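I have a structure I would like to understand better, so I am pasting it below and will then ask my questions one at a time.
The values are calculated or read from the model by the stated rules, or taken from the named source; none is laboratory data. These numbers come from a predicted model, not from an experiment. All Cβ positions, glycine included, derive from the backbone under ideal geometry; neighbour counts span all protein chains shown.
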Amino acid sequence: MNSSVPGNGADSMFVNIATYGDTAPYLASDLPGLQPIAPPYVPGGGSKPHYGPIVMIGDPAAMTPLYNGSALWGRSVIGSLVFFVDFFVNFFQYHLPPVQAHYLDVAVDPTVLPWLGSRRGTVLTGYGDLTIPELLKAASDDGRLFRP
């Protein structure tokens, strides 16, 4: 969720949960990633920052295909096609609710298709039971918190 609010909702108690490998959070300007198609990266802001802090979950290595693919963007038709394939594959692999629920140690309703998506990396035991202030502290302690 992009923000144009001064301070980007830093104290709003609204928290973005983003999964490494998911393309959606990397279209903002406050996470380094999918340039040149995303706005220029600016730590804590830029032209399209998230509203509120960001808690990153999953495996940071899941970003490697996107970083590699974005380097091919605009170099040739094939390079741009490779990037778009990586972009959409990663979106469907890491953006789905069952994947985030898995990393947050939350039981998923079976009707949500819990088998969809990729699950690589640490499950954050107990994160799903935390209040927002507890989540922010735990994510900060674990090095998973990005603040506006």
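From the list 86, 30, pick out the single residue that is of a type in the set (Asp, Glu) and closer than 20 Å to residue 139 by Cα.
Every option except 30 fails the conditions.
Where the second residue is assigned to a loop (DSSP other than H, G, I, E, B) and at pLDDT 85 or above and the first is among the hydrophobic types (A, V, I, L, M, F, W, C) and lies in the range 32-45, which pairs have Cβ atoms under 8 Å and are six or more apart or on separate chains?
34/23; 37/73; 38/28; 38/29; 38/48; 42/29; 42/30; 42/49
Could I ask something else about it? Of the residues that sit in the range 56-70 and are of a type in the set (Gly, Ala, Ser) and surrounded by 14 or more Cβ atoms within 10 Å (Cβ to Cβ), which one is nearest to residue 119 (Cα to Cα)?
Once the filter is applied, the top-ranked residue is 58.
Separate question: Would you say residue 82 is modelled with pLDDT of 85 or more, hydrophobic (A, V, I, L, M, F, W, C), in contact with a Leu (Cβ under 6 Å, 6 or more places away or on another chain) and surrounded by 12 or more Cβ atoms within 10 Å (Cβ to Cβ)?
Judged against the criteria, residue 82 is a match.
For residue 42, are the conditions met, namely being of a type in the set (A, V, I, L, M, F, W, C), outside any helix (DSSP H, G or I), closer than 26 Å to residue 141 by Cβ and touching an Asp or Glu at 6+ places or on another chain (Cβ under 8 Å)? If you could, list the steps in order and put the result at the bottom.
Details: of a type in the set (A, V, I, L, M, F, W, C): yes; outside any helix (DSSP H, G or I): yes; closer than 26 Å to residue 141 by Cβ: yes; touching an Asp or Glu at 6+ places or on another chain (Cβ under 8 Å): yes.
So residue 42 passes the test.
Return the only residue of 43, 53 being buried (at least 22 other Cβ atoms within 10 Å of the Cβ) and either out of contact with any Leu (no Cβ under 8 Å at 6 or more places or on another chain) or modelled with pLDDT of 85 or more (or both).
53
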